[in-house]
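In what follows, a single structure is set out as C-alpha cells and then discussed.
Since every read-out is calculated from the coordinates, none of them should be taken as a lab result. All figures in this text were calculated on a predicted structure; none of them were measured in a lab. Here Cβ is always computed from backbone atoms with ideal geometry, including for glycine, and neighbour counts include all displayed protein chains.
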Amino acid sequence: MVLTGRIQPTLNPNQRLFLQDEIRYKHQLERIRRESADSEGLYTRKQSTADDPLLLDEYDSFYHTTKSLLVLFQIMGIMPIRRNPPKRGVERTSFKWSRVFVWAIFIYCLELVVVVLVGYDRVMNFIDNSEKKFDAIIYNVIFLSILVPHFLLPVAAWPNGPQAAVFKNMWTNYQLKYAKVTGRPLLFTHLYLLTWGLCIASWIISILVVLPQYYLQKDFEFWHTFAYYHIIAMLNGFCSLWYVNCTAFQFTSRALAANLQETLEQSRPAEKLTEYRHLWVDLSHMMQQLGKAYANMYGIYCLVIFFTTIIATYGAFSEIIDHGISLKELGLFMIAFYCMSLLFIICNEAHYASKSVGADFQDRLFNVNLTAVDNLTAKEVEMFLVAIEKNPPVMHLNGFANINRELLTSNISFMATYLVVLLQFKLSLLRQTILDAMRVNATMAKLQMNEN
C-alpha cells in the first residue's frame, strides 16, 4: 500500500506552544523590519542649515515686541549686548567690545561714584554716632545691603553676557523654525505694550520705594536717594525680564500644543510629530538657558531679597516693641513687602511656565488614543513622552537652585526662623535693660532710705 499523504508530526502541548511562539516572533521581526525601512531617518533631527538673516529678522517677533527692555538695559549699563546688522554667518545678537559696552562702563563708573559716597557717608555717620545700639546697626545694614548689587554687577552680570546673547539668538532661531514646521508665525503682539509698561513701571516703582524713605527715616538724607534709584530700577528690570520671558514661554507652549492637536487629527502624522518633538525640546532648552544666562545676577538677587526682607521686618517689629507704631515702621514694611513681591513674581511665573510647557503639554499626549493611530504615530507619541521626561522644563540658576513655588515657601520658612531668633535676641536685650533699670531703681531707693 502506497501512502500519498504527508505524515503530520504529533506534538505535545509544550512543543506546540514553542512552535507558535517561534512563528509569532518571526512575524514580529518581519513587521519591525518593514516599519524600520519605512521610517528610516524619521526619528532623527535633520541637520540644520544657516538661515537667511533677513528672514530671521522678519520672523523675530519676540525681539521687535520686547526691544524696549533690551534698550533700557543698554541705557542703564546692566547688560551691554547688542543687535548685529543682518549679515550671513554673524549671530543676530552678540556680547563683545562695542560702543554699547563703552557706554555701560561709563554709566557704571558715574553711578559708582554716587554709591560709594552714599555708602561712605552712612558708615561714617554710624561711626560718629554716640548711640551705637543694635537697632541702629540694623538700619544701616538694610540700606547698605541694597547698595551691594551695584558693586557686583560687573562680576555677576557682565561675565554671563555671552550666555545672554546665546539665549537671545535661541529665541530668534526658534521663531523661524516654528514658522517652517507649523506654517504659522509666532506673534507676540501682546508683549509690546506689556514690555513698555514694565520699563516705565520699573522707574516709577523705584521712585515710590526710595523717595518715601527720606520722609520716613530720620537719618536718610535726600541726596542719598540718588544712589538707590537706579539699583531698585535694575532689580525691577530683572524681574520684568523674567516675567516677559515666562509669559512668552507659556504663549509658545499653548500655540505649539494647539498645532500639535490639529496634527494628531490628521492621518499618519508621525513625521510631523517628530518635528514638533524637536520644537518642544528646543523650547525646554531655552527655558533652562534663561536661568543659565542670568544665573549669577538672579542668585545675588534672591540673596539680597532674602537678607533685606529679614532685616527690614525685624527692624519694623523692633521699633513697634520699643516705641509703638510710627511712620518709620511703614518705610521698613514697605521695603519688606517690595522684596517679597519681587520674589513671588519670579517664583510664580517660573511655576506657570514650567507647568504650561511640561505638565499641560504632557497631559495632551497622554490623552492620545494609541489604539486609534498607526504604529509609527504611536511610537512617536511614546518618544515624545520620553523626551519630556528626559528634558524636564525646569527653570534653574545654572543648577544651583530650581526656581518655582517651592523656593518661595522655603525662603518664607527660613525667614520666619531667622526672624524668630532675632526677635528672641531683641526681647532678651529688652529684658536685660528692664532688669538693669529695676536694679538701679532699687539701689536708688535704698540710698534714699539710708539718707532718711
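Temperature 37 °C, viscosity 0.692 mPa s: under these conditions the Stokes-Einstein estimate for the chain, based on its Kirkwood radius over C-alpha pairs, is 123 µm² per second. Against the chain, whose longest principal axis comes from its Cα atoms, helix 327-354 is set at around 10 degrees.
What's the FRET efficiency of His190 with Val123 using the Cβ-Cβ distance as r and R₀ = 45 Å, to the nearest 0.05? Between His190 and Val123 the formula returns 0.45. For the peptides 283-291, 405-413, 155-163, residues were scored by their other Cβ atoms within 10 Å and the scores averaged per peptide; the highest-first order is 283-291, 155-163, 405-413. Measuring from centroid to centroid over Cα atoms, what is the spacing of region 373-452 and region 217-275 in Å? Here the answer is 27 Å between Cα centres. Exposed loop positions in the chain were taken to be chymotrypsin sites (Phe, Trp or Tyr not before Pro) whose DSSP state is not H, G, I, E or B and which have at most 13 other beta-carbon atoms within 10 angstrom. Between these positions, the longest stretch is 98-399.
Relative to the longest principal axis of the Cα atoms of the chain, the long axis of helix 405-451 makes an angle of roughly 20 degrees. Its relative contact order, with pairs defined as Cα atoms under 8 Å and 6+ residues apart, puts the chain at 17 percent.
For region 169-280, the relative contact order comes to 29 percent (Cα pairs under 8 Å, sequence separation of at least 6).
Tell me the label-point distance for the pair Phe337, Lys355, using the 7 Å Cα-to-Cβ offset, in nm and rounded to one decimal. My value for the distance between the label points is 2.6 nm. For region 303-398, the relative contact order is 24 percent, taking Cα pairs closer than 8 Å that sit 6 or more residues apart in sequence and dividing their mean separation by the residue count. On a 0 to 90° scale, report how tilted helix 190-216 is relative to the longest principal axis of the chain, with both axes built from alpha carbons and the result rounded to the nearest 10. So the inclination is approximately 20 degrees.
Between Asp219 and any residue 5 or more places off or on another chain, the built amide H atoms are never under 5 Å apart.
Applying 0.36 nm per residue to the separation of Ala445 and Glu22 and subtracting their alpha-carbon distance, the gain on full extension is 141.5 nm.
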